[in-house]
Amino acid sequence: MDANSASHARDEVDRLIAAWKRERPDLDLSPFSVLSRITRIARHLDIARRDAFGELENWGFDVLAALRRAGAPHQLSPGLLMQETMVTSGTMTNRLDRLEELQLITREQDPADGRGSLVTLTKSGMRAVDAALESLLENERELLRTLSVKDRDVVAELLSKLVTELDGD
């Protein structure tokens, strides 16, 4: 993109790339065209999630969603919740304490393991996570409104390929 086409940039990233090309024509700026856009989309997604989750916040949604996805009786050990949400034991304990205070979960001794416990989603927790999920999906649909179903499928496939490679490292 030359200086003239900068005025016809489709988005802010195009404008930034045009400026860098003018200043550093020796560099391959192609990573910017993808990853800078992903960063900008992530900011919009953070806002959409914050709006959807409200008081629940991202971390609360993550824990409740793991329990919801587990299926009836919507119960997991703290260890499995740590794996599902990729947090440490201390972090999980703090999260469970807070969710229990909000009466969104209960904790009880695991009958199969006297030293372990089980975390169970309450009816209030079920309503909270279901409402947050519905709100999130509505917000995410709005973020993707300009893409056709086919375009969404293509983007999802390409991002899956990239994430699979990055997570494999």
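Return the calculated 222 nm mean residue ellipticity for the chain, to the nearest 500 deg cm²/dmol, obtained by summing -39500 (n - 2.57) across DSSP H runs with n ≥ 4 and dividing by the residue count.
Result for the chain, helices only: -22000 deg cm²/dmol.
In whole Hz and in residue order, list the ³J(HN,Hα) couplings for the stretch 140-157 that follow from phi through the Karplus curve 6.51 cos²θ - 1.76 cosθ + 1.60, θ = phi - 60°; x for Gly and Pro.
For the stretch 140-157, the Karplus-derived couplings read 5, 4, 5, 4, 9, 4, 7, 9, 6, 4, 4, 4, 4, 4, 5, 4, 4, 5 Hz, x marking Gly and Pro.
For the Cα atoms of the chain, what angle does the longest principal axis make with the long axis of helix 30-53, in degrees from 0 to 90, nearest 10?
40
Can you give the extra length, in nm with one decimal, that the chain gains between R115 and L80 once fully stretched, where that is 0.36 nm per residue apart less the Cα-Cα distance?
Answer, rounded to one decimal: 11.1 nm.
What is the list of residues in the stretch 82-115 whose amide nitrogen lies under 20 Å from a point 7 angstrom out from the Cα of L133, following Cα to Cβ?
Hits in the stretch 82-115 for L133 at 20 Å: 82-86, 96, 99-100, 103-106.
Take the alpha-carbon centre of the stretch 5-71, take the same for the stretch 129-153, and report the distance between them in whole Å.
Taking the Cα centre of the stretch 129-153 as reference, the centre of the stretch 5-71 is 15 Å away.
Amide H of D110: which non-local residues (sequence gap of 5 or more, or other chain) have their own amide H closer than 5 Å, using H built in the peptide plane?
So D110 has HN proximity to G116, S117, L118.
Using 0.36 nm per residue of separation minus the Cα-Cα distance, give me the extension gain between S33 and A72 in nm, one decimal.
That works out to 9.6 nm of additional length.
Roughly how tilted is helix 12-23, in degrees to the nearest 10 and between 0 and 90, from the longest Cα axis of the chain?
50
Please find, in a Gaussian network model of the chain (springs between Cα atoms separated by less than 10 Å), the residue of G79, G60, G125 whose mean-square fluctuation is greatest.
Checking each option, the largest mean-square fluctuation is seen for G79.
Which ³J(HN,Hα) values, rounded to whole Hz and listed in residue order, are derived for the stretch 96-106 from phi using the Karplus coefficients 6.51, -1.76 and 1.60 in 6.51 cos²θ - 1.76 cosθ + 1.60 with θ = phi - 60°, glycine and proline given as x?
5, 4, 5, 5, 5, 4, 7, 6, 9, 9, 10
If you take the charge dipole of the stretch 1-121 about its Cα centre, with +1 on Lys and Arg Cβ and -1 on Asp and Glu Cβ, which of L64, G114, S77 is farthest toward its positive end?
L64
Candidates (1) 21.5, 72; (2) 19.7, 60; (3) 14.8, 45; which is the computed Rg and Dmax of the Cα atoms in Å?
Given (1) 21.5, 72; (2) 19.7, 60; (3) 14.8, 45, the calculated one carries the label (1).
Laboratory data are not the source of any read-out in this text; all were calculated from the coordinates shown. Nothing here was measured: the structure is a model prediction, and the numbers come from that model. Because the Cβ atoms are built from the backbone with ideal geometry, glycine has one as well, and the counts that use them run over all protein chains shown.
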